[in-house]
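Worksheet: the structure to be examined is printed underneath.
The values are calculated or read from the model by the stated rules, or taken from the named source; none is laboratory data. Note that the coordinates shown come from a computational prediction; the quantities given were computed from them, not determined experimentally. Methodologically, a virtual Cβ is constructed for each residue, glycine included, from the backbone with ideal geometry; neighbour enumeration extends over all protein chains shown.
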There are 2 protein chains.
Amino acid sequence: MSRPTIAAVARAAGVSVASVSRVLNGLPATEEMAERVQRAVAELGYVPDSRARSLKVGRTFQLTLAVADVGNPVYVTMMRAVEEVVSAAGYRLVVTTTGPDVVDEVALVRGMARGYADGLVISPLRVDDDLIKSIQECDVPVVVAGNVPARAGVDTVRANSPKGMLLAVEHLLTTQRHKVAFVNGPVDTVPGTARSKGFTDAMKANSLNPVAQVEADDFTFAAGREAGRRLLDQLGLETTQPSAEGARAPGGEASSPSSFPAAGGGGIDAVIAANDLLAVGVMHELAARGLRVPDDVAVIGMDDSELAEQSFPPLTSVNLGSAERGRRAAELLLARIEDDTRTPRRIVVQPSLSVRRSS
Amino acid sequence: MSRPTIAAVARAAGVSVASVSRVLNGLPATEEMAERVQRAVAELGYVPDSRARSLKVGRTFQLTLAVADVGNPVYVTMMRAVEEVVSAAGYRLVVTTTGPDVVDEVALVRGMARGYADGLVISPLRVDDDLIKSIQECDVPVVVAGNVPARAGVDTVRANSPKGMLLAVEHLLTTQRHKVAFVNGPVDTVPGTARSKGFTDAMKANSLNPVAQVEADDFTFAAGREAGRRLLDQLGLETTQPSAEGARAPGGEASSPSSFPAAGGGGIDAVIAANDLLAVGVMHELAARGLRVPDDVAVIGMDDSELAEQSFPPLTSVNLGSAERGRRAAELLLARIEDDTRTPRRIVVQPSLSVRRSS
DNA sequence: GTCGTCTGTGTAAACGATTACAAGAACGAT
DNA sequence: ATCGTTCTTGTAATCGTTTACACAGACGAC
């Protein structure tokens, strides 16, 4: 026996389908009518079919959040924020993951035309003209949590990486660190380029020269660890521990306990990573070479995700406002659903620094 | 101008809607017909409406995965596995989060009757009769990634926590640790009770007495840290560091460097946590009190999530097979969608131990 | 008593696709 | 030439809702 339809309910209650629909949607009806319908609904266990409903009314009351990698803790922060505001507005949030490829992002945006949801928040890792075009042509509202050119004419809310980089560099200066290396993510990504530029600018602004700079293959822990390996190799730092024993604690007793910053750092006394995951990867590699964090080298991450407090030592991280970005993006989306003619807004949320023990 | 419908395409191509639908679905048609339709489709940028389609054909080609907490890294492992299987089968995966409350889980399952998706994989934290009933009555296939009673008669794939606990305890014995404490999650959750029982049984089987046992409020990092605090307080361990300076590294130089296990552990030389997040929380608290991991106390987590390798020191963790559980759950779901009459299967996947440096 | 609201209910037409069925065209066999 | 296949295409019904419209009864005002 299949699901009861509204017609079955109408029959059971001895009324018309229109009446059933009306009481279910809270439109005026007599006491008796309401009661008969309620009873029939309860009896049959009727639940309206959202597909039919949304076909008719043209809305699904679902919103989609698309992220590149569910394993990146910055997205869980953002996800939580988005969830909170959209569910308060009576929408269901569904999350889908696109993977790192731009073509998959484009496919996803195009797919929204099938009517899966009433709106989309997308946080794209890579952006090209196809993606922008697909967003512009998309017939459901889209807001981008990230950086796309202003000429795209879409609602965006993005972080201020350059400012964030400035905070990081200045913090290092205040704590007497001058020899800083940078571990970036893939430079063909939007955050990758932004943070690269932000880093060089911030260094320049403080008349510092980067000691070294490497690019990870990905914004992941494994890539960070690998990039850290390349970085330290490049600086001529041999692994001090036999690999059998593995790494020592970052704050451990390796090298001289009284050593001043930079004593064992092989030419660096700080590294900034484009991402918390990368930062943690780097910390592991530092530890594997017997370098202490923060004693020998300070490490600063970006995103200030949950991972930053969970890592050891807890990671100083640039808070790029992922929660606020999520919240604002969701609000923008709701506003645009309300009124599609409003002129696109470009919100940028300001960073702050969460100082923890890694610096 | 709104989205073009199939009727618009038919008009533009000068053919009937049936023909358009047919070529779009790959049914036989003449060369010329196919070409005319394709052209019109391309010209108008037509994309079929999935709501209308699924209303008619009765399938959405979407599958839902519901998890309690997106911040728990064990779910990202599972999510990845599920995603892989279902997308290979031509389904879209959407993820929703239920929160820790059982009533929200019930609401979600009931809501599936609205036809959001063709099937559901749910990993419930708490299970009660309402939830079981809702799953049984659900008119779309549901598979549970977790433990529900056999009498429920639903497809399940679950972990073998008792066996996992055995692995953990035996590993500790092999490494000469006998004074072990247990940090559990909330005992009113399914994993909470399973792991509690698993722990006591495993200890008994090795004729060990637990030194202490605490229950965290939640399966989160913060709750783990707090539970660790209670545990160590209970053992009479004062914080050795002034709070201003904060914690030391778990492998740091606090207490005598030559100390043998248990030297500074205040009556314990190992703690098993029900979860990687809890384990990491406990490690932080240990560090805050100047206890070294693994020198003073070994720590073992469960789930072997990405966090286990990211933590410092890397966490020895019981691999409860979350990836395989995800994969099997997805396969079960696909099979049941194929044939709803098959008798429910109850798969249990076996654990293994990932030994890392925390033990 | 008649007329004009006003309310509540029912009938039927959408929404945008798929698909059963019928009808026409083409073609070979008789 | 006629008939029967086969193949392609079109017409219209259908999925389960919502909602515009019509309609009937109640009610107050004149």
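If I ask for residues that are near DNA strand D (Cβ under 7 Å from one of its atoms), of a type outside the set (Val, Ile, Thr), over 12 Å from A:VAL47 (Cα atoms) and not in a loop (DSSP other than H, G, I, E, B), which ones from segment A:8-26 would you list? Passing the criteria: A:ALA18, A:ARG22. Going residue by residue through segment B:318-340, is there one that turns out to be farther than 23 Å from B:VAL142 by Cα, touching a Ser or Thr at 6+ places or on another chain (Cβ under 7 Å) and either away from chain A (no Cβ under 11 Å) or assigned to a helix (DSSP H, G or I) (or both)? Yes, some residue in segment B:318-340 is farther than 23 Å from B:VAL142 by Cα, touching a Ser or Thr at 6+ places or on another chain (Cβ under 7 Å) and either away from chain A (no Cβ under 11 Å) or assigned to a helix (DSSP H, G or I) (or both). Among all residues of segment B:57-72, there is at least one that is within 14 Å of chain A (Cβ to nearest Cβ), within 16 Å of DNA strand C (Cβ to nearest atom) and either of a type in the set (Lys, Arg) or buried (at least 22 other Cβ atoms within 10 Å of the Cβ) (or both).
For B:VAL47, the criteria (1) without any contact (Cβ under 8 Å) to a residue 60 or more places away in the chain; (2) near DNA strand C (Cβ under 9 Å from one of its atoms); (3) in a helix (DSSP H, G or I) hold in every case but one, which is (3).
Each residue in segment B:201-213 was checked for being surrounded by 15 or more Cβ atoms within 10 Å (Cβ to Cβ), out of contact with any helix residue (DSSP H, G or I) (no Cβ under 7 Å at 6 or more places or on another chain) and outside any loop (DSSP other than H, G, I, E, B), and 1 pass.
Counting only strands (runs of 3 or more DSSP E) that sit wholly inside segment A:83-184, those with at least 2 residues that are under 30 Å from A:ALA270 (Cβ atoms) and away from every other protein chain (no Cβ under 14 Å) are A:155-159, A:180-184.
Conditions (1) assigned to a strand (DSSP E or B); (2) within 20 Å of B:VAL142 (Cα to Cα); (3) away from DNA strand D (no atom under 16 Å from the Cβ); (4) in contact (Cβ under 8 Å) with a residue 24 or more places away in the chain, marked per residue:
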residue: B:GLU32; (1), (2), (3), (4): no, no, no, no
residue: B:GLN38; (1), (2), (3), (4): no, no, no, no
residue: B:VAL41; (1), (2), (3), (4): no, no, no, yes
residue: B:ARG59; (1), (2), (3), (4): no, yes, no, yes
residue: B:ALA66; (1), (2), (3), (4): yes, yes, yes, yes
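For A:ALA216, state whether it is in contact with a Gly (Cβ under 6 Å, 6 or more places away or on another chain), among the aliphatic types (A, V, I, L, M) and surrounded by 15 or more Cβ atoms within 10 Å (Cβ to Cβ). Considered against the rule, which asks whether it is in contact with a Gly (Cβ under 6 Å, 6 or more places away or on another chain), among the aliphatic types (A, V, I, L, M) and surrounded by 15 or more Cβ atoms within 10 Å (Cβ to Cβ), A:ALA216 comes out as yes. For segment B:282-299, give me each residue that is within 12 Å of chain A (Cβ to nearest Cβ) and not in a helix (DSSP H, G or I). Once the filter is applied, which keeps residues that are within 12 Å of chain A (Cβ to nearest Cβ) and not in a helix (DSSP H, G or I), segment B:282-299 yields B:GLY290, B:ARG292, B:VAL293, B:PRO294, B:ASP295, B:VAL299. For segment A:1-18, the set of residues classified as near DNA strand C (Cβ under 6 Å from one of its atoms) and closer than 21 Å to B:ARG114 by Cβ consists of A:VAL17, A:ALA18, listed by residue number. For A:SER243, indicate whether it is within 11 Å of A:ASP295 (Cα to Cα), at pLDDT below 95 and out of contact with any Pro (no Cβ under 7 Å at 6 or more places or on another chain). Judged against the criteria, A:SER243 is not a match.
Scanning segment B:320-352 for residues that are out of contact with any Gly (no Cβ under 8 Å at 6 or more places or on another chain) and closer than 18 Å to B:VAL76 by Cβ yields a total of 10.
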